[in-house]
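*Asks:* First, the structure itself, so that you have it in front of you.
The values are calculated or read from the model by the stated rules, or taken from the named source; none is laboratory data. Computed from a prediction, not measured in an experiment: that's the story for all the values here. Every residue, glycine among them, receives a Cβ derived from its backbone with ideal geometry; neighbour counts consider all protein chains shown.
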């Protein structure tokens, strides 16, 4: 590092940067009252006042809840993925035990928040004799308290397990569970009543995860710093990369949420707008601090610049505390654009959250588009990461087939169209278009994505870690080599998941749940994509993984599965009762009165669309069969050239030994028929 940078780092930091790390909690607790007053988050509700203790208790319980959740997530991520470990240290176990304690606090704060939130919602003080009965009767029926209790239950489970586990695999699963435990909270924020419900929920979910991982990762780094020693630089560098992704996710999702809840520039002058500005300024300051980390401090950690790093981290945590306190008050304040459903909603809007798209015409296939930002963002990130991997290979002189990049980009483009174009829009109200979306996502998209070999590309492009920690490459290897993946990658299991989950989904209440709720819809699309990708992968995948079955067996599995799939379509085509009748019949579409007829069209689509992918899969399996035979023949020929055809020589010697044994057994009066000379044995053994 150049001397100017070193001089910059050596400059005494601002007084704020001298504050100790516990200032995170202090800053959050002190920032909350001012933010609450500005946003009217602690004022008495119109319906009933549960008292000042409840109003302020809700806010402080949420601050403690969010901080404890962040610490839990951050420590588990460090334990599983970031902190180097040696035979003389037990940092992972220490971090996990601390995470267990933090998760216990997370669970307690979650329960306290549920109790206080219920009292605040119904306007009854905790001292009221009827509150206990009210809570036990209605807590699970009211979404905010139900979500809080679910999250608290997840935190309690993490706390118990984290106090006893010792393996990195368990720590990795706990980190995943902790992140998933945050997602239900998105259903209980402002997004729950927003007009653009799906976009608001998605944005809030991404925002929650990004902030929690970002804040928790930095706080965990500060807590573990004394025991990291010389590994502080490597750990901080890995966290810095993760923080960069979190910053992008938080900034973009925050902007999207603001656009939904702030109708115009003049709304920034409201109380809600002022809090939003404060939070945005804090985000920009944190982004600048992250840039300072990457630009000047990380390289100097190995040169003894630990004190400067600690001071900057302390300043970041103070700003994060202010941001957390402001965010809690912001979540309790009324936005300029009210989060209430449309009062005179049509049945279509009331059931789906979207307006009636109108009659389906030929032009609608090309002109209808409602951006689903969750799936569009997923597609853009997947394409961006793939292209980045290809460019990394090219820069170091390695080749990567162009057609794989093309099919990968095309596959995600088709996926984006299926979820945001006509199939996705009309699939909310028409069974037939829903089936089109299903077949495209589950059959056509995997047929394009699997030949792109993304796992193989990732393993070639991602660097490996020499210190036995789990980076992205190591995580991928752990997944594809795990016993669980071997079970799912069994062709019979993959085929069963592909077909039987299809039948169970449509002939159970899961279908209507996916049509009515955002969470159900998201899980449905994820399931379609994963089961379709897995089934296609076991047939034609070239990525590393469990040993492939012989092509003839794969063809048997393919034909059997497609036969069941065709049978499903035939049964639905001849159905006499409507599936999910409480949904489709309640829509009352003026341009679609034959609901049962449309369902039969869906059956015909399921039957017909499956034929083309089946034919393509059959051809690809056959091509793979031919290539395998050629590769095996080439391998044997090269082996014969290297060892002088030792296999054939061994076979000839075996035949000679059999001949001698036969002659000794029969004697001279019963001579066997003369065998072929050695020079003809190659023809008898085949052209190896």
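*Asks:* Testing residue 549 on (1) part of a helix (DSSP H, G or I); (2) surrounded by 15 or more Cβ atoms within 10 Å (Cβ to Cβ), one condition comes back false. Which one is that?
*Replies:* It is condition (1) that residue 549 fails.
*Asks:* May I ask you to list the residues in segment 582-606 that are touching a helix residue (DSSP H, G or I) at 6+ places or on another chain (Cβ under 8 Å) and either part of a loop (DSSP other than H, G, I, E, B) or exposed (fewer than 15 other Cβ atoms within 10 Å of the Cβ) (or both)? I'd like the intermediate steps shown before the answer.
*Replies:* At the first step, the residues of segment 582-606 found to be touching a helix residue (DSSP H, G or I) at 6+ places or on another chain (Cβ under 8 Å) are 582-589, 592, 595, 598-606.
Answer for segment 582-606, where residues must be touching a helix residue (DSSP H, G or I) at 6+ places or on another chain (Cβ under 8 Å) and either part of a loop (DSSP other than H, G, I, E, B) or exposed (fewer than 15 other Cβ atoms within 10 Å of the Cβ) (or both): 582, 585, 586, 588, 589, 592.
*Asks:* Against the definition (assigned to a helix (DSSP H, G or I), assigned by TED's automatic domain parsing to the domain that holds residue 151, in contact with a helix residue (DSSP H, G or I) (Cβ under 7 Å, 6 or more places away or on another chain) and at pLDDT 85 or above), how does residue 64 come out, yes or no?
*Replies:* On the way: assigned to a helix (DSSP H, G or I): yes; assigned by TED's automatic domain parsing to the domain that holds residue 151: yes; in contact with a helix residue (DSSP H, G or I) (Cβ under 7 Å, 6 or more places away or on another chain): yes; at pLDDT 85 or above: yes.
Spelling it out, residue 64 is indeed assigned to a helix (DSSP H, G or I), assigned by TED's automatic domain parsing to the domain that holds residue 151, in contact with a helix residue (DSSP H, G or I) (Cβ under 7 Å, 6 or more places away or on another chain) and at pLDDT 85 or above.
*Asks:* Which of the residues that make up segment 81-99 are crowded, with 24+ Cβ neighbours inside 10 Å and in a helix (DSSP H, G or I)?
*Replies:* Looking only at segment 81-99, we keep the residues that are crowded, with 24+ Cβ neighbours inside 10 Å, and these are 82-83, 95-96, 99.
Result: 82, 95, 96, 99.
*Asks:* Given the criteria under 30 Å from residue 464 (Cα atoms), part of a loop (DSSP other than H, G, I, E, B) and not assigned by TED's automatic domain parsing to the domain that holds residue 481, does residue 164 qualify? Steps first, answer last, please.
*Replies:* On the way: under 30 Å from residue 464 (Cα atoms): yes; part of a loop (DSSP other than H, G, I, E, B): yes; not assigned by TED's automatic domain parsing to the domain that holds residue 481: yes.
It is true that residue 164 is under 30 Å from residue 464 (Cα atoms), part of a loop (DSSP other than H, G, I, E, B) and not assigned by TED's automatic domain parsing to the domain that holds residue 481.
*Asks:* Quick one: in segment 46-61, of everything that is assigned to a loop (DSSP other than H, G, I, E, B) and modelled with pLDDT of 60 or more, which residue is surrounded by the most Cβ atoms within 10 Å (Cβ to Cβ)?
*Replies:* Going through segment 46-61, the residues assigned to a loop (DSSP other than H, G, I, E, B) turn out to be 46-51.
Subset that is modelled with pLDDT of 60 or more: 48-51.
Working: 48: 13, 49: 15, 50: 26, 51: 17.
The residue in question is 50.
*Asks:* May I pose another question? Quick one: residue 479 ticks every box in (1) assigned to a helix (DSSP H, G or I); (2) in contact with a helix residue (DSSP H, G or I) (Cβ under 7 Å, 6 or more places away or on another chain); (3) in contact (Cβ under 8 Å) with a residue 60 or more places away in the chain except a single one, so which number is it?
*Replies:* (3)
*Asks:* Suppose we filter segment 482-499 for residues that are farther than 20 Å from residue 564 by Cα and in contact (Cβ under 8 Å) with a residue 40 or more places away in the chain; how many remain?
*Replies:* We begin by selecting, within segment 482-499, every residue farther than 20 Å from residue 564 by Cα; these are 482-487.
With in contact (Cβ under 8 Å) with a residue 40 or more places away in the chain added as a condition, the list becomes 485-486.
Within segment 482-499, residues that are farther than 20 Å from residue 564 by Cα and in contact (Cβ under 8 Å) with a residue 40 or more places away in the chain number 2.
*Asks:* While we're looking at this one, here's another question. Test residue 74 against the criterion of being in contact (Cβ under 8 Å) with a residue 40 or more places away in the chain, on the phi > 0 side of the Ramachandran plot and in the same structural domain as residue 159 (by TED's automatic domain parsing), and give yes or no. Before you say what the answer is, go through the steps one by one.
*Replies:* On the way: in contact (Cβ under 8 Å) with a residue 40 or more places away in the chain: yes; on the phi > 0 side of the Ramachandran plot: no; in the same structural domain as residue 159 (by TED's automatic domain parsing): yes.
So residue 74 does not fit the description; no.
*Asks:* I've got another one for you. Identify all residues within segment 390-417 that are crowded, with 17+ Cβ neighbours inside 10 Å and assigned to a loop (DSSP other than H, G, I, E, B); write none if there are none.
*Replies:* Within segment 390-417, 400 is the sole residue that qualifies.
*Asks:* Answer yes or no as to whether residue 323 is at pLDDT below 90 and closer than 30 Å to residue 266 by Cβ.
*Replies:* Working: at pLDDT below 90: yes; closer than 30 Å to residue 266 by Cβ: yes.
So residue 323 fits the description; yes.
*Asks:* Okay, next question. Kindly establish whether residue 331 is in contact with a helix residue (DSSP H, G or I) (Cβ under 6 Å, 6 or more places away or on another chain), within 20 Å of residue 206 (Cβ to Cβ) and modelled with pLDDT under 90.
*Replies:* Details: in contact with a helix residue (DSSP H, G or I) (Cβ under 6 Å, 6 or more places away or on another chain): no; within 20 Å of residue 206 (Cβ to Cβ): yes; modelled with pLDDT under 90: yes.
When the stated conditions are applied, residue 331 does not pass them.
*Asks:* Still on this structure, I have one more. Please work out which residue is modelled with the highest pLDDT, limiting yourself to segment 248-280 and to residues that are within 16 Å of residue 215 (Cβ to Cβ) and surrounded by 18 or more Cβ atoms within 10 Å (Cβ to Cβ).
*Replies:* This residue is 249.
*Asks:* List the pairs whose first member sits in segment 123-140 and is on the phi > 0 side of the Ramachandran plot, whose second member is surrounded by 11 or more Cβ atoms within 10 Å (Cβ to Cβ) and assigned to a loop (DSSP other than H, G, I, E, B), and whose Cβ atoms are under 9 Å apart, counting only residues at least 6 apart or on separate chains?
*Replies:* 123/44; 123/45; 123/48; 123/49; 123/50
*Asks:* While we're on this one: Quick check on my filter: what residues within segment 102-138 are crowded, with 18+ Cβ neighbours inside 10 Å and part of a loop (DSSP other than H, G, I, E, B)? Walk me through it before giving the result.
*Replies:* In the first step, residues of segment 102-138 are kept if they are crowded, with 18+ Cβ neighbours inside 10 Å; the result is 102-122, 124, 135.
Hit for segment 102-138 is 124, nothing else.
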